[in-house]
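A quick write-up on the structure given underneath.
The values are calculated or read from the model by the stated rules, or taken from the named source; none is laboratory data. Quick caveat: nothing in here was measured; it's all calculated off a predicted structure. We place every Cβ from the backbone using ideal geometry, glycine too, and count neighbours over all the protein chains shown.
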Amino acid sequence: MNRLSRAVRRTLSCVLAATLLALGLVGCSKQTDGLQTVRVCEVTHSIFYAPQYVAISLGFFEEEGIQIELSNGQGADAVMAAVLSGNMDIGFAGPEASIYVYNEGKEDFTQVFAQITQRDGSFLLARQPDSNFTWDKLAGKVVLPGRKGGVPYMTLEHVLRKNGLDPQKDTTLDTSVQFSMMTAAFTGGTGDYVTAFEPTASMLQEKGQGYIVASVGEASGDIPYTAYFAKKSYLAENSDLIQRFTNAVYKGQQWVATHSAAEIAEAVKDSFPDTELSLLTKAVESYRSIDAWCETPAMTEESFNRLQSVMTEAGELTQIADYGQVVNNTFAEKAIS
């Protein structure tokens with residue numbers, strides 16, 4: 001049985017209470033000013049999810065009769081726990097969480113219905129600039145990589161193996177630091193390298209507290225990284241709502257695909273009030289340069305199986321999940337058509 005599967009169950013019993021207090025989750029979907037409120041829990045807050053923030057700020061969800069109530073779960077396990085408990089309607093995290101839950105044999109498992117990102121969104125930061133960085137330089141070094149069993153961790157392991165390093169023997173992947181505390185730990189002196197999403201990575205570099213030396217996503221290649229999911233029962237009981245939600249997501253994806261980095265940064269700036277517009281623009285350019293965003297919400301079987309290969313390689317998956325069960329492209333395909 002994999003680690004995150006156990007973590008999901010533990011989270012339901014001992015982490016969920018704290019998560020609910022932090023997120024202020026109460027009640028269920030409701031009508032507000034003629035709009036239907038949908039509670040979405042995102043795994044972290046990052047410009048990496050630009051299509052979502054564009055859809056919110058430009059009113060694409062409102063056009064579909066939806067008001068988004070967005071919360072930050074700070075980890076896929078907490079996001080999944082909130083969805084399984086019914087305290088959140090939709091989760092936004094790595095598809096691996098849905099694979100783990102399906103393999104647990106839960107009757108009302110979650111299904112992925114819209115994909116947003118197709119590459120790892122984290123960047124590797126060093127303590128000093130290194131314009132000639134190569135991945136073999138991580139040999140003998142300590143890296144803060146995120147939670148073991150999560151896609152960021154597994155993707156980094158995959159990149160290390162591609163570059164001839166054994167993640168367990170040739171480098172130290174320090175998983176003792178919580179995802180939300182990694183950059184603080186790094187700036188406090190822990191580790192030689194850290195992985196971070198934008199705009200945090202650029203903010204650290206701007207302050208001279210870390211220097212971007214590589215993109216994990218560029219090195220790993222395409223992999224379904226972040227997607228929306230909900231319980232199978234919720235999808236069945238709210239099919240019209242989910243369709244309208246997916247329509248809005250698709251509008252956001254198409255808008256991002258056809259506008260400049262500066263225009264995207266301007267559109268989402270209210271979602272990042274503490275980040276300068278110039279840094280947001282730079283962050284968008286970074287993600288665009290590695291082809292991070294999907295242009296449609298449908299997830300292919302090929303990419304789904306690629307993710308499972310990475311999970312198996314990492315020792316986190318012993319049972320291959322059924323693509324047709326975990327992924328529900330019905331809403332995505334209708335939105336596209």
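Summary of computed values
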item	result
Subset of segment 73-90 [within 10 Å of the chain's Cα centre (by Cα) and buried (at least 24 other Cβ atoms within 10 Å of the Cβ)]	Ala76
Some residue of segment 122-137 being touching a Ser or Thr at 6+ places or on another chain (Cβ under 9 Å) and surrounded by fewer than 23 Cβ atoms within 10 Å (Cβ to Cβ)	no
Which listed residue, of Glu301, Glu295, is under 30 Å from Val326 (Cα atoms), surrounded by fewer than 14 Cβ atoms within 10 Å (Cβ to Cβ) and touching a residue at least 24 places away in the same chain (Cβ under 8 Å)	Glu301
Hits in segment 220-245 (condition: under 20 Å from the mean Cα position of the chain (by Cα), over 20 Å from Ala97 (Cα atoms) and modelled with pLDDT of 95 or more)	Phe245
Test result for Ser337, modelled with pLDDT under 95 and out of contact with any helix residue (DSSP H, G or I) (no Cβ under 6 Å at 6 or more places or on another chain)	yes
Of residues in segment 190-205 being in a loop (DSSP other than H, G, I, E, B) and within 16 Å of the chain's Cα centre (by Cα), the one surrounded by the fewest Cβ atoms within 10 Å (Cβ to Cβ)	Phe197
Residue check for Thr187: without any contact (Cβ under 8 Å) to a residue 24 or more places away in the chain and of a type in the set (Ser, Thr, Tyr)	yes
Meets criteria (of a type in the set (S, T, N, Q), in a helix (DSSP H, G or I) and farther than 16 Å from Trp293 by Cβ) for Ser176	no
Which numbered condition Pro297 misses (of (1) in a loop (DSSP other than H, G, I, E, B); (2) modelled with pLDDT under 95)	(2)
Residue identified as farther than 21 Å from Gly315 by Cα, of a type outside the set (Asp, Glu) and in the same structural domain as Ala139 (by TED's automatic domain parsing) among Ser233, Ser176, Ser215, Ser239	Ser215
Within segment 270-292, tally of residues that are without any contact (Cβ under 8 Å) to a residue 60 or more places away in the chain and among the charged types (D, E, K, R)	4
Condition met for Glu237 (out of contact with any Gly (no Cβ under 6 Å at 6 or more places or on another chain), of a type outside the set (S, T, N, Q) and more than 17 Å from Val54 (Cα to Cα))	yes
Residue in segment 281-290 that is closer than 24 Å to Glu63 by Cβ and out of contact with any Ser or Thr (no Cβ under 7 Å at 6 or more places or on another chain) present	yes
Residue in segment 223-262 that is farthest from Gln325 (Cα to Cα), counting only those that are in a strand (DSSP E or B) and not hydrophobic (A, V, I, L, M, F, W, C)	Thr226
Members of segment 268-292 found to be of a type in the set (Gly, Ala, Ser), exposed (fewer than 14 other Cβ atoms within 10 Å of the Cβ) and farther than 19 Å from Thr258 by Cβ, listed by number	Ser278
